[in-house]
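Data first, discussion second: the structure below is written as structure tokens.
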Amino acid sequence: MENLFLFIFLLNTTVAYSNEGPCKEHETEKIAAAGEELDSVTGKVIAKLSLTEFYKKSKEINGLIVKGSVSIEDISLVKAGATIEKMLSKREDIRARMILNRADIVVIAKSENYCDIPEARNLRDVKTFDGRSFCDICGGGGVPGRPITTVCEDNLLKTTKDPYFGTEDILTHEFAHAIHILGMEERDKTSLTNLYNKAKEKKIFEKNYKGEPTYMMANEQEFFACLSAAWFGVHNPKSLSVSQELVNRNSIREKLPDMYEFMKTIYPE
């Protein structure tokens with residue numbers, strides 16, 4: 001961090017003393033513009049150093065990086081890597097786009113929460129679309145501007161503190177979001193939108209077994225992510241977030257044959 005402070009000091013000194021003497025109006029405007037540019041550069045340097053300081057463990061998985069702080073277990077990198085490799089094994093073009101978008105995977109250590117990672121520290125006072133605190137979530141999918149996919153280590157390793165009690169694999173769900181948003185080509189995204197709308201028209205997947213609205217039908221992103229977990233057999237069939245009509249690969253094939261054919265083009269069978 002000493003190097004960071006020295007760098008910022010030198011940058012500020014350069015701006016402050018490169019305009020010595022009386023300032024004319026147009027010179028004042030130039031100094032103001034230079035100050036704004038400096039703030040931007042300084043912010044980027046601080047962000048980059050923050051990432052370097054935080055992420056001490058990593059593993060490359062055919063172009064994508066799985067990483068975490070010094071607090072994560074080494075086996076977590078291996079387990080996360082195995083999951084993303086399985087999901088990407090069908091479509092190298094999707095992998096290539098995700099590499100280009102720097103869609104890294106972050107394991108949140110058992111002693112950490114989502115808001116502890118550098119990319120999410122500005123979300124401490126922000127809620128998810130369904131009203132939860134970002135600091136309480138077990139994982140998040142990659143999006144433009146924040147392309148990392150995250151998963152809490154307790155769920156990844158199925159510890160006794162796993163908030164899903166070992167019944168669901170959150171990385172599969174969250175990485176499906178990244179595949180959808182950062183990896184699919186536009187033709188795939190358009191097809192998925194149409195398939196989601198077609199499923200909504202059926203009006204049989206909107207409620208869970210308690211008659212409550214299902215999370216999976218909230219939007220096309222959750223539709224694809226929930227069905228991705230069902231495709232790989234890692235979604236709890238008794239979860240309140242899904243329709244009991246769509247709990248595994250066979251039920252997708254039976255109830256939504258067009259969606260099944262689409263998913264076959266994305267994932268291995």
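Taken together, the values in this text are just the output of simple stated rules run on the coordinates, not laboratory data. Bear in mind the structure is a predicted one, so any value in this text is a computation, not a measurement. A quick note on method: Cβ atoms are made from the backbone with ideal geometry, for glycine too, and the neighbour counts reach across all protein chains shown.
Before moving on, here are some points about what is shown:
- Qualifying positions in region 55-83 - crowded, with 18+ Cβ neighbours inside 10 Å, of a type in the set (A, V, I, L, M) and in contact with a Lys or Arg (Cβ under 9 Å, 6 or more places away or on another chain): Leu64, Ile65, Val66, Ile72, Leu77, Ala80
- Total residues in region 255-269 satisfying the condition of being out of contact with any Asp or Glu (no Cβ under 9 Å at 6 or more places or on another chain) and surrounded by fewer than 18 Cβ atoms within 10 Å (Cβ to Cβ): the figure is 6.
- Single unsatisfied condition, Thr214 versus (1) loosely packed, with under 14 Cβ neighbours inside 10 Å; (2) without any contact (Cβ under 8 Å) to a residue 60 or more places away in the chain: (1)
- Subset of region 238-251 [without any contact (Cβ under 8 Å) to a residue 60 or more places away in the chain and either crowded, with 19+ Cβ neighbours inside 10 Å or under 21 Å from the mean Cα position of the chain (by Cα) (or both)]: Ser241, Val242, Ser243, Leu246, Val247
- Of residues in region 228-237 being touching a residue at least 60 places away in the same chain (Cβ under 8 Å) and part of a loop (DSSP other than H, G, I, E, B), the one surrounded by the most Cβ atoms within 10 Å (Cβ to Cβ): His235
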